[in-house]
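Enquirer: To start, I am sharing the structure in question, which I have written as structure tokens.
The values are calculated or read from the model by the stated rules, or taken from the named source; none is laboratory data. Since we're looking at a predicted model, the values are computed, not measured. Reconstructed Cβ throughout: ideal geometry from the backbone, glycine too, with neighbour counts over all protein chains shown. To get the accessible areas, we keep the full protein, side chains included, count just its heavy atoms, and leave off ligands, DNA and RNA. Shrake-Rupley method; radii C 1.70, N 1.55, O 1.52, S 1.80 Å.
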Amino acid sequence: MNADTAMYRAKEMGKNRCVRFDASMNQAVVRRQAIEHALRAALQQGEGLALHYQPLFAATDRALVGAEALLRWSHAELGNVSPLEAVMVAEDCGLIVPLGYWVMERVMDILREEGLPAHLLEIELTETVLMDNMEAGAHTLHRLSQLGIHLAIDDFGTGYSSLAYLRQLPMRRLKIDRSFV
């Protein structure tokens with residue numbers, strides 16, 4: 001079991017590596033499992049998940065041009081789970097799509113309730129999510145774009161990093177990961 005833990009840690013750090021197991025790795029595995037279990041429960045029961053809206057301003061005149069919906073998760077025992085950690089676990093265990101649906105349903109409700117035009121909304125997807133669900137997701141992304149919702153790719157450069165596949169998608173913004181730069 002310890003060897004498996006070290007092997008997965010080596011894969012996380014990049015290929016062609018040797019990693020020696022230590023006790024801190026076990027703590028990380030236990031935390032990851034706790035997050036996965038709690039996230040599954042949160043999605044089923046809607047507990048602790050919340051959307052926060054961050055304003056987007058134009059760089060030229062600082063005018064408000066829209067808002068970005070950000071998912072935040074507060075768990076009774078785990079505390080505030082960082083978005084990076086929650087998304088990484090969700091991607092690894094196949095919960096990123098259900099989590100995305102949870103977010104989309106809430107965002108669409110807010111747009112309807114407040115009467116906001118869809119073009120003021122931008123949805124960010126990570127490159128990993130796009131690549132894992134390219135065929136299934138492309139149709140949905142085109143439908144969202146037709147509604148006027150803007151689409152962005154976050155963390156571009158952390159995965160497949162092909163500019164060729166971007167032509168197939170109606171993306172408005174590309175956020176390049178600093179490791180790619």
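Enquirer: Compute the long axis of helix 83-92 from its Cα atoms, compare it with the longest principal axis of the Cα atoms of the chain, and write down the angle in degrees, 0 to 90, nearest 10.
Expert: 70 degrees
Enquirer: Further, regarding this structure: So how tilted is helix 96-114 from the main axis of the chain? Cα-based, degrees 0 to 90, rounded to 10.
Expert: 30 degrees
Enquirer: What does the charge add up to near HIS52, with Lys and Arg as +1, Asp and Glu as -1, over the other residues with Cβ less than 14 Å from its Cβ?
Expert: Taking every Cβ under 14 Å from that of HIS52, the sum is 0.
Enquirer: Leaving out ligands, DNA and RNA, and with a 1.4 Å probe, what % of the accessible surface on the stretch 75-181 is carbon or sulfur?
Expert: 54 percent
Enquirer: I'd like the antiparallel share, as a percent to the nearest 5, of DSSP beta bridges with both residues in the chain.
Expert: Within the chain, antiparallel bridges account for around 55 percent of the total.
Enquirer: Hull surface divided by four, with the convex hull built on the Cα atoms of the stretch 1-80: how many nm²?
Expert: 8.8 nm²
Enquirer: Provide, in order from the shortest bin, the percent of all Cα-Cα pairs of the chain in each 5 Å bin, continuing until the bin that contains the maximum pair distance.
Expert: With a bin width of 5 Å, the distribution comes to 1, 7, 13, 17, 18, 18, 12, 7, 4, 2, 1, 0.
Enquirer: Answer with one residue from ALA138, GLY66, LEU125: the one whose Cα lies farthest towards the positive end of the charge dipole of the stretch 51-181, charges on Cβ with Lys, Arg +1 and Asp, Glu -1.
Expert: Farthest towards the positive end: GLY66.
Enquirer: Then there's this: Considering only protein heavy atoms, what per residue accessible area in square angstrom results for the stretch 80-181 with a 1.4 angstrom probe?
Expert: Here the per-residue accessible area is 61 Å².
Enquirer: State to the nearest 20 debye the size of the charge dipole of the chain about its Cα centre, where the only charges are +1 on K and R beta carbons and -1 on D and E beta carbons.
Expert: 460 debye
Enquirer: Taking amide H positions as placed 1.01 Å from N in the peptide plane, with prolines and chain starts having none, which residues 5 or more places from GLU68, or on another chain, fall under 5 Å of its amide H?
Expert: Excluding prolines and chain starts, which carry no amide H, the hits are GLN54, LEU56.
Enquirer: Calculate for the chain the 222 nm mean residue ellipticity that helices alone would give, adding -39,500 (n - 2.57) per DSSP H run of length 4 or more and normalising by residue count, nearest 500 deg cm²/dmol.
Expert: -14500 deg cm²/dmol
Enquirer: Give, as a single signed number, the net charge of other residues whose beta carbon lies under 14 Å from the beta carbon of SER74, with Lys and Arg counted +1 and Asp and Glu -1.
Expert: -2
Enquirer: Quick one: which of 90-98, 28-36 comes out on top by average Cβ neighbours within 10 Å, and what's the full order, highest first?
Expert: Going from most to least packed, we get 90-98, 28-36.
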